[in-house]
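Okay, so here's the structure we're looking at.
What follows draws every value from the coordinates through simple rules; no lab data is involved. Quick caveat: nothing in here was measured; it's all calculated off a predicted structure. Cβ: placed from backbone, ideal geometry, glycine included. Neighbour counts: every protein chain shown.
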Protein chains: 2
Amino acid sequence: MKATSIDTMKKHNFSAGPAVLPRTVIEQAAKATLNFNDSGLSILEMSHRGKDLVEVLENAMSLCKELLGLDDDYEVMFLTGGASSQFYMTAMNFLDENGKACIVDTGTWSSKAIKEIKRFGPLETLASSKDKNYSYIPKGYQVPSDASFLHITSNNTIYGTQHHEWPDTKVPLICDMSSDIFSRPIDKNKYGVIYAGAQKNMGPAGTTLVIVRKDMLGKVKREIPTMLDYNTHIQKKSAFNTWPVLPIYVSMLTMQWVKENGGVEGMQVRNQEKADLLYQELDSNPLFKGVAAKEDRSLMNITFLINDESLTEEFLRVTSEQGVSGIKGHRSVGGFRASTYNALEKQSVEVLVDIMKSFANKYG
Amino acid sequence: MKATSIDTMKKHNFSAGPAVLPRTVIEQAAKATLNFNDSGLSILEMSHRGKDLVEVLENAMSLCKELLGLDDDYEVMFLTGGASSQFYMTAMNFLDENGKACIVDTGTWSSKAIKEIKRFGPLETLASSKDKNYSYIPKGYQVPSDASFLHITSNNTIYGTQHHEWPDTKVPLICDMSSDIFSRPIDKNKYGVIYAGAQKNMGPAGTTLVIVRKDMLGKVKREIPTMLDYNTHIQKKSAFNTWPVLPIYVSMLTMQWVKENGGVEGMQVRNQEKADLLYQELDSNPLFKGVAAKEDRSLMNITFLINDESLTEEFLRVTSEQGVSGIKGHRSVGGFRASTYNALEKQSVEVLVDIMKSFANKYG
């Protein structure tokens, strides 16, 4: 029998998303694909209205509330269409033609949000870090107190920056947490809406988490197609139509794994350890340098450059030989990006750091 | 070790959707979930921009065109949001405020489409079978030649009726084929748009197939959010944002299975055989009777009643003992519904028919 890579070498998956999932979750997903809950059927071929799958969906919703410490003021939905759909759905549901929305521009995702929000009403960009290729998080801007919401991208996957502090305002935040949901505790009182594509910290591609504080609802008058109206999905508990069963099931398993591993507080410790390891190496290794401003460094996506660009391919080759994948940088930044989401093990960062050290010994 | 049901009894999965998938497809899906293409990684944790997954998406698109005999006049997209999202997206993209759309009302799904289409422009309901609880397909209506499109639900999952003939018109059909896509050959020239939620004949829940004939595009002036504009997804070949990897992968495997089993022509023969078996039993067994008008009977969803309603629970119990699942009728019709999608084996229908015969011997 042909030996598979999985037998012969441990993989270190630094992919920016879809991203590494806990191995136990993957094994449970494979088992459910063959035979779900000893039903003799695959989870892929079962009615989403059956008792067992209704339980999966309900568990996913309650785990989400538990992990984030949300009370009954918040509604949780599992939808589809990614964060890209939430850019316009949030505006469609919460911004009146005569209203006022605000945004902070911290990169590609906020720029895309700006384009979509503007279609529905006035939008003011309060601050932007475009002047330095989005390598920092703007601070010190004023939020107009009459704004309906302030849109913020919590973590910037491409540029490797992350909000570690938040504007001091009572205006509700609409926060795109696609790439750092469940990675750290949140202060729920700040948020009117939290949304996140699943495929980084929550699960596989194919579902989108949307959390809405109830007092955000019912303030906009425009006519909204049934499927684009949050009220539809709240009333039907995310089962207005057939929900993406496998993506939500695997998200539920991943949230269970987070819970069993110390919750979001445990994840924060774990993520800080991994990030410290790699950032310390970046700050001491003469061959490499970090991209993001130190105070805004992301614990999820660590972007870095190599001083001698001609060594780029060789570094990718050597890391690949050690089972490291997904560290090629995004074209907007270049260099490398190590995504260190919840499920990435510390050992994987250690392997990468060791390679960086050897590389510096050889070429430094 | 505890024996699982799958070891001890063959299952006969008549679920209306998500529905039975070929066992070989399920086994491949489970394998890819553990270790995709010997990469050592799960298909759930890999970048959708990687070479192997880009190939999956491209294969899915080309298999779809091949199976349906579509040429380059048609664009194929894999989106999300289900048929429920296509009700409004088709109108948003193809119906002007001053235009004219038409629809034939054949049940729950067309009624929902009516509600959403109306938001975007004038809609005329040309015919309806509501008068007889949607037990037949309306015929003989005239289609206004200046209509932008005529919306038709090809197969009615709930009521068990199916279009076997089509209105004689040059107006392009927008056809919801959610429950009979890939079950029979189609005359591509009739359709401006075909759409289908995956979770009946195409794959698991989590992706939606949309096929658009190019000449339908560019005729409507309204502003459309990026994610709701078909042009976005056509230009980006369904990869504008992260696509639902596992649902599209399993859909690709299922389309491959259709191809290897005689294509849509092979499926039609297979489906006709299964349906003939069950309808013949319904027409001869004194205990049961079919719901749909004979000439409009669906080859996908076979709805039937039991003459003595007090035997309903007993019939469900006996069938369940034989491994039959998913045959409880929808509440709008009552009785039973046997969904006989592509992947259901003839043997499963034989088992059901045998139980019906024994049941008639005992209670008839």
Inset, instruction - Using the number of other C-beta atoms within 10 angstrom as an exposure proxy, rank B:23, B:222 with the fewest first. - result: B:222, B:23
Inset, instruction - Please compute the Cα-Cα pair-distance distribution of the range B:289-348 with 10 Å bins starting at 0, giving whole percents from short to long. - result: 21, 53, 25, 1
Legend entry - Charge tally in the Cβ shell below 12 Å around residue B:225, where Lys, Arg are +1 and Asp, Glu are -1, residue B:225 excluded: +2
Inset, instruction - Calculate, in whole percent, how much of the Cα-Cα pair population of the range A:264-304 lies beyond 16 Å. - result: 32
Inset, instruction - May I ask for the percentage of alpha-carbon pairs in the range B:114-271 that lie more than 22 Å from each other? - result: 50
Inset, instruction - Report the label-to-label distance for residue B:317 and residue B:239 in nanometres (one decimal), using points 7 Å from each Cα along the Cα→Cβ vector. - result: 5.6
Legend entry - Compactness of the range B:262-363 - radius of gyration and Dmax, Cα, Å: 13.1, 42
Inset, instruction - Using a cut-off of 10 Å between beta-carbons, work out the net charge of the residues near residue A:237 (Lys and Arg +1, Asp and Glu -1, residue A:237 not included). - result: -1
Inset, instruction - Quick one: with label points 7 Å out along Cα→Cβ, list the inter-copy distances for residue B:364 in nm, shortest first? - result: 8.6
Inset, instruction - Any chance you could list P(r) for the protein assembly as shown, counting all Cα-Cα pairs in 10 angstrom bins from zero, rounded to whole %? - result: 3, 14, 23, 25, 19, 11, 4, 1, 0
Legend entry - Shape metrics for chain B, restricted to C-alpha atoms - Rg then Dmax, Å: 21.2, 67
Inset, instruction - Taking 7 Å along the Cα-to-C-beta vector as the label spot, tell me the residue A:100-residue B:9 distance in nanometres, rounded to one decimal. - result: 6.6
Inset, instruction - Mind listing the label-point distances from residue B:189 to the same position on all other copies, shortest first, one decimal in nm, points 7 Å along Cα→Cβ? - result: 7.0
Legend entry - Label-to-label distance, nm, for residues given as residue A:358 and residue A:130 (7 Å Cα→Cβ offset): 4.4
Inset, instruction - Please report which chain A residue places its beta carbon nearest the axis carrying chain A onto chain B, with the distance rounded to a whole angstrom. - result: A:80, 2
Legend entry - Centre separation in Å (Cα based) which lies between the range B:210-242 and the range B:9-88: 21
Inset, instruction - Considering only DSSP beta bridges where both residues belong to the protein assembly as shown, give the percentage that are antiparallel (nearest 5). - result: 55
Legend entry - Principal axis dimensions, the range A:5-149 - Cα atoms, whole angstrom, descending: 57, 41, 28
Inset, instruction - Could you list, in their original order, any pairs among A:31/A:259; A:214/B:132; B:328/B:362; A:112/A:236 whose Cα atoms are separated by more than 32 Å? - result: A:214/B:132
Legend entry - Computed [θ] at 222 nm, deg cm²/dmol, chain A (DSSP H ≥ 4; -39,500 (n - 2.57); rounded to nearest 500): -11000 deg cm²/dmol
